[in-house]
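First up is the structure itself, then whatever we jot down about it.
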Amino acid sequence: MSFADFLSLGPLITLCAAAVIAMLLVAAWRNHRIVYSFSLLAFGMAMAAVIPAIKYIPHPVPPLLVIDEFSLFNSGLILVSGFIILLLSFNYFEEREERKEEYYILLILATIGALVLVVSRHFMSLFLGLEILSISLYGLIAYLRARERSDEAGIKYLMLAALSSAFLLFGMALVYAFTGHMDFPGIGAALREAGYLPVSVMAGFGLMLIGVGFKLGIVPFHMWAPDIYEGAPLPVAAFIATVSKGAMLVLLIRFYQDIHGNDYPMLWWIVAIIAVASMFAGNWLALTQQNIKRILAYSSIAHMGYILVAFLSGVQTGLEALAFYLVAYFITSIGAFGVVIVMSSSSQDAETIADYRGLFWRYPWVATVFTAMLLSLAGIPLTAGFIGKFYVVLAGVDGHQWFLLFMLVINSVIGLYYYIRLVAAMFAVPAKGQQTTVVPALPMAGNITLVILTILLIGLGVYPTAMMALIQQMMRILV
Amino acid sequence: MILLVLILILFGAALLSWVAGVKSHAASRWIALCSLLVNLGIIAGVWIEHSHSSSSRWWYQFRMDWVPHFGISLHLAMDGLSMLMLALTFFLGALAVLISWKEIQTRVGFFHFNLLFVLCGITGVFLTMDLFLFYFFWEMMLIPMYFLIGIWGHEHREYAANKFFLFTQAGGLLMLLAILGLYFIHKANTNVYTFNYFDLLNTPMTPFMERWLMLGFLIAFLVKLPAVPFHTWLPDAHTEAPTAGSVVLAGLLLKTGAYGILRFVLPLFPAAAAEIAPVAMLLGVIGILYGGMLAYAQTDLKRLIAYTSVSHMGFVLLGAFAFNEIAYQGVVMQMITHGISTGALFIIAGALYERIHTRNLRQMGGLWLRLPMMGSAAMIFVMASLGLPGLGNFVAEFLVLLGSWQANHVLTILATIGLVVATAYSLRIMQKVFFGPCDRQYAVPDLNGRELVIIIALVIVICWLGFHPQPVLNTSQNIDYVVR
């Protein structure tokens, strides 16, 4: 392993070491605050480790990994998101569980899994990353054992994730059987040489899509999402919504680009149908929900559909749009979950719409932040979500995907309805007897994090140029 | 630069009045009022300066890069049409602040924040010459309007606010698709990415593409205008909004749709617009008659006035697609006079509601005895609404009909029947509210000083427009209309 390898994999190695040290730390002295501070430090160092790696890109670590601008950017995104989720976690767990230290070890491990996914370009590293991520998530989802829905969520995720991993493995085996390659560029080259897509490889891709689709929570593999969002601890739900999905999406893009997916209309159509179904199912099912967590779950299904539209546009702009949308989506989702976290009391999560009725008149700042997040999800100007959606539509028009765009427009309007319903509830005047019983915790760290997220959100909405330039530069290498 | 200042003043005042509203309600109101009066003063100065020298069409231009990657720039420009619309915006805006002085007593700071923010968005819409920026402002004015209706409105405010929001958003998204379509066609032709209005003018494209893109724009504007069959959000939104909200909606927001047709649909897609002209004119006539009939059938005063808007905006649609200069001038005139007269009627309805707490026509009657001043004011604006010569609306509707006669005889004759319908519903307002038998005895005060100032300002303007419309016509003449 050369020095360059070492530096390039810096973020990954830092976190791996941190996981071990954190474990020892808990064994030696069980203290929430210390583990928490250590995890923050570890994430901080991993983020710092991204910077020296920039010098060596693009740097493949054959045969499993590749560190290029694309993976480094997304590594950074994942680390920052993990850091923010950590910031929001401390108070949440401080008030709840007795043994809260292991949460941080699991969170670090899950982040490692996500990082491996982002840098991998080989079936082995893909599976390794996926399993590290999934297995840590089993523990994370069921972490608050005492709560009623937590076991259900954990077991549901365990069953389905294991099942989908099996499908993924079988799919990989089929692809390998025909092409003789497990690295993505090798598969792409083999297929190109063959000149067509054999049935067995097609079947292999189909089976792999089940595994990938499950992690992304797209229709028809989305059934788990609302239950897990509802049952999991809130920071974990935020983690699943952003880091876990984002990492998988990055992998999917890399795979699709490496095998020249656009050359095979069959693949395109399968993804297109999934995208449209995700948009409709997500938005439609969110309409009647009364539980914020479930609404966010369905909304994230719909957002994955929007992202896939950008993905399917088949032009350079589409990948840029996707990356931008992902950033906006990360900020917005973590922000929305962050609001639910700070609004929750130690005994009860603030999860029904009724808990938010009239929030603006009780806690104007929290309500303003939540409104900003929801408007961003709905794609209203001055927020990052607006630029993101604009970018996606731009990519779609560029790629002449008029049908997909009309679907997106219809869905945006449907989506607006439930976002605006939440906003309306916050600004409504609560009638007597309708007041919520949840007393919000409003921890300081959480509040500051939310303010930063809001500033980022509006900053990206008003001045997106810098971020766009970065993304554009990064995406150039992929095409 | 002065154009950016107009927007920034409103934006700054919006934030300031929100902050000030926490400490003192009066401060919040004064900040809002002053910022609007300052803007009105600026516009008046601009108008006077340019009223004689009609040399160049564009009076001011301002351009600054925003997102150069996409070819988006902060591009503002003002010509006669923009100027007239802005004058109307700030005038009605100031009146909206004044009329809310007593009506709005809760969350005053936030109310004025929203009001100024809406006006800021409208100002942007009237000034911007960058299509992305146009869409940006177009969407930006929705959220504060949503709050104005949803928080300070009447009983069914949430329903009305949601409906308003969804309708306009759906239209807006179609427009976004059309904007982007145009953007890429221009890119394909010239290899330059730009949203600049002037660059996109005269973009060559296939008739098929032109038709679809034109429809994308047109539907967004028809929803906002509103034209039948996209009008159903309007009666709900207007009825449930607070008085200031109704004034802004009827007086200004509807005008953005009309402005969009004049500014974007016709110049950008002249051939496709000419093709669809008969249909659009027909929709206009249907709007005139159908809106008038529905207005006649209402029992809710605000709802009645709302439907008259549908009817009046039918004239705008009729004139805009007549493709001759007389009709265009009528349209611009109609936009202004409708803003004034309907705004005034909503203000009177609001003042009445404050006194007798009902909008139901069946519970009114004989109020002239109690409220002679309000009655006379209402009489003037009802007469304006039915198109009495000497008041602004007459000039406008006359010009529209004169122009559209050259384009289509049958539709013009049908539209003229609309004037009769207008007489019927307008007189019914007077009949039901101020005359006739009085079932209930109301002991209520007449117009107070503040309301009197508002009404007198409106009366002066509507009479001025009726007797001496020449300055407005001169200003609106200096625009390169698409003439066939």
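In segment B:120-133, the residue that is nearest to the other protein chains (Cβ to nearest Cβ) out of those that are among the hydrophobic types (A, V, I, L, M, F, W, C) and either out of contact with any Lys or Arg (no Cβ under 9 Å at 6 or more places or on another chain) or not in a helix (DSSP H, G or I) (or both) is B:F132.
For segment B:324-348, enumerate the residues that are under 24 Å from B:L266 (Cβ atoms) and of a type outside the set (S, T, N, Q).
Across segment B:324-348, the qualifying residues are B:E325, B:I326, B:A327, B:Y328, B:G330, B:V331, B:V332, B:M333, B:M335, B:I336, B:H338, B:G339.
What are the pairs with Cβ atoms under 9 angstrom where one residue, in segment A:391-413, is facing chain B (nearest Cβ under 10 Å) and under 18 Å from B:Y135 (Cα atoms) and the other, located anywhere, is among the charged types (D, E, K, R) and in a helix (DSSP H, G or I)? Sequence gap at least six, or different chains. Going by the 9 Å Cβ cut-off, the qualifying pairs are A:Y391/A:E320; A:A395/A:E320; A:L408/A:K389; A:S412/A:K389.
Among residues of segment B:187-224 being away from every other protein chain (no Cβ under 12 Å) and touching a strand residue (DSSP E or B) at 6+ places or on another chain (Cβ under 9 Å), the one that is surrounded by the fewest Cβ atoms within 10 Å (Cβ to Cβ) is B:F198. Looking at the structure I just gave you, is B:F381 closer than 30 Å to B:A322 by Cα and out of contact with any Gly (no Cβ under 7 Å at 6 or more places or on another chain)? Against the criterion (closer than 30 Å to B:A322 by Cα and out of contact with any Gly (no Cβ under 7 Å at 6 or more places or on another chain)), B:F381 qualifies.
Quick check on this structure: which one of A:A194, A:A247, A:A203, A:A189 is buried (at least 20 other Cβ atoms within 10 Å of the Cβ) and of a type outside the set (D, E, K, R)?
Values: A:A194 fails: buried (at least 20 other Cβ atoms within 10 Å of the Cβ); A:A203 fails: buried (at least 20 other Cβ atoms within 10 Å of the Cβ); A:A189 fails: buried (at least 20 other Cβ atoms within 10 Å of the Cβ).
Step by step, each of A:A194, A:A247, A:A203, A:A189 is checked, and only A:A247 is buried (at least 20 other Cβ atoms within 10 Å of the Cβ) and of a type outside the set (D, E, K, R).
Counting just the residues of segment A:349-382 that are within 19 Å of A:L450 (Cβ to Cβ) and small (G, A, S), which one comes out nearest to the other protein chains (Cβ to nearest Cβ)? Explain how you work it out, then say what you get.
Taking segment A:349-382 first, the residues within 19 Å of A:L450 (Cβ to Cβ) are A:349-351, A:355-356, A:359-378, A:380, A:382.
Retained after the next criterion (residues that are small (G, A, S)): A:350, A:367, A:372, A:376, A:378.
Numbers: A:A350: 21, A:A367: 11, A:A372: 11, A:S376: 12, A:A378: 9 Å.
Only one residue tops the list, namely A:A378.
So, of the residues in segment B:84-131 that are aromatic (F, W, Y) and over 24 Å from B:D65 (Cα atoms), which turns out to be surrounded by the fewest Cβ atoms within 10 Å (Cβ to Cβ)?
The first filter runs over segment B:84-131 and keeps only residues aromatic (F, W, Y), leaving B:90-91, B:101, B:110-111, B:113, B:117, B:126.
Subset that is over 24 Å from B:D65 (Cα atoms): B:90-91, B:101, B:110-111, B:113.
Details: B:F90: 26, B:F91: 25, B:W101: 17, B:F110: 24, B:F111: 30, B:F113: 23.
Here the answer is B:W101.
Give me a count of the residues in segment B:1-33 that are closer than 28 Å to B:Q61 by Cβ and either assigned to a helix (DSSP H, G or I) or under 20 Å from the mean Cα position of the chain (by Cα) (or both).
Going through segment B:1-33, the residues closer than 28 Å to B:Q61 by Cβ turn out to be B:1-15.
Right, trim to either assigned to a helix (DSSP H, G or I) or under 20 Å from the mean Cα position of the chain (by Cα) (or both) and you get B:2-15.
Matching residues across segment B:1-33 total 14.
For segment B:143-160, a residue qualifies if it is more than 18 Å from the chain's Cα centre (by Cα), surrounded by 22 or more Cβ atoms within 10 Å (Cβ to Cβ) and facing chain A (nearest Cβ under 10 Å), and the qualifying residues are B:F147, B:G150, B:I151, B:R157. Condition check: over 26 Å from B:Y259 (Cα atoms) and touching a residue at least 40 places away in the same chain (Cβ under 8 Å). Does B:F126 satisfy that? So B:F126 does not fit the description; no.
Name the residue that is surrounded by the most Cβ atoms within 10 Å (Cβ to Cβ), counting only residues in segment B:282-315 that are of a type in the set (A, V, I, L, M) and under 14 Å from B:L411 (Cβ atoms).
That would be B:I288.
Out of B:A295, B:A271, which single residue is under 30 Å from B:N360 (Cα atoms) and in contact (Cβ under 8 Å) with a residue 24 or more places away in the chain?
On the way: B:A271 fails: under 30 Å from B:N360 (Cα atoms).
Exactly one of B:A295, B:A271 is under 30 Å from B:N360 (Cα atoms) and in contact (Cβ under 8 Å) with a residue 24 or more places away in the chain, namely B:A295.
Listed by first and then second residue, the pairs with beta-carbon distance under 7 Å, at least 6 apart or on different chains, first residue in segment A:449-464 and within 14 Å of chain B (Cβ to nearest Cβ), second surrounded by fewer than 20 Cβ atoms within 10 Å (Cβ to Cβ), are A:I458/A:L382; A:L460/A:M467; A:G461/A:L382; A:V462/A:L382; A:P464/B:V67.
Listed here are the residues, each with its yes/no results for (1) at pLDDT 90 or above; (2) within 14 Å of chain A (Cβ to nearest Cβ).
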site	(1), (2)
B:A27	yes, no
B:I42	yes, no
B:S55	no, no
B:W58	no, no
B:F70	no, yes
B:G93	yes, no
B:T106	no, yes
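Candidates in segment B:162-186 are the residues that are under 20 Å from A:I420 (Cα atoms) and more than 7 Å from chain A (Cβ to nearest Cβ); of these, the one that is surrounded by the most Cβ atoms within 10 Å (Cβ to Cβ) is B:T168. Got at least one residue in segment B:175-193 being within 22 Å of the chain's Cα centre (by Cα) and in contact (Cβ under 8 Å) with a residue 12 or more places away in the chain? Yes; the residues of segment B:175-193 include at least one that is within 22 Å of the chain's Cα centre (by Cα) and in contact (Cβ under 8 Å) with a residue 12 or more places away in the chain. Surrounded by 19 or more Cβ atoms within 10 Å (Cβ to Cβ), of a type in the set (G, A, S) and more than 10 Å from chain B (Cβ to nearest Cβ): is that true of A:G385 in this structure? The answer is yes for A:G385. Take the conditions (1) over 19 Å from the mean Cα position of the chain (by Cα); (2) buried (at least 22 other Cβ atoms within 10 Å of the Cβ); A:R96 misses just one of them, which is (2). Summed over segment A:14-36, residues that are small (G, A, S) and surrounded by fewer than 15 Cβ atoms within 10 Å (Cβ to Cβ) total 3.
If you check B:F113 against the conditions, is it in contact with a Ser or Thr (Cβ under 9 Å, 6 or more places away or on another chain), within 12 Å of chain A (Cβ to nearest Cβ), more than 28 Å from B:L215 (Cα to Cα) and not in a strand (DSSP E or B)? It is true that B:F113 is in contact with a Ser or Thr (Cβ under 9 Å, 6 or more places away or on another chain), within 12 Å of chain A (Cβ to nearest Cβ), more than 28 Å from B:L215 (Cα to Cα) and not in a strand (DSSP E or B).
The values are calculated or read from the model by the stated rules, or taken from the named source; none is laboratory data. Fair warning: this is a prediction, and the values are worked out from it, not measured in the lab. Heads up, the Cβs are rebuilt from the backbone with ideal geometry, glycines too, and the neighbour counts pull from every protein chain shown.
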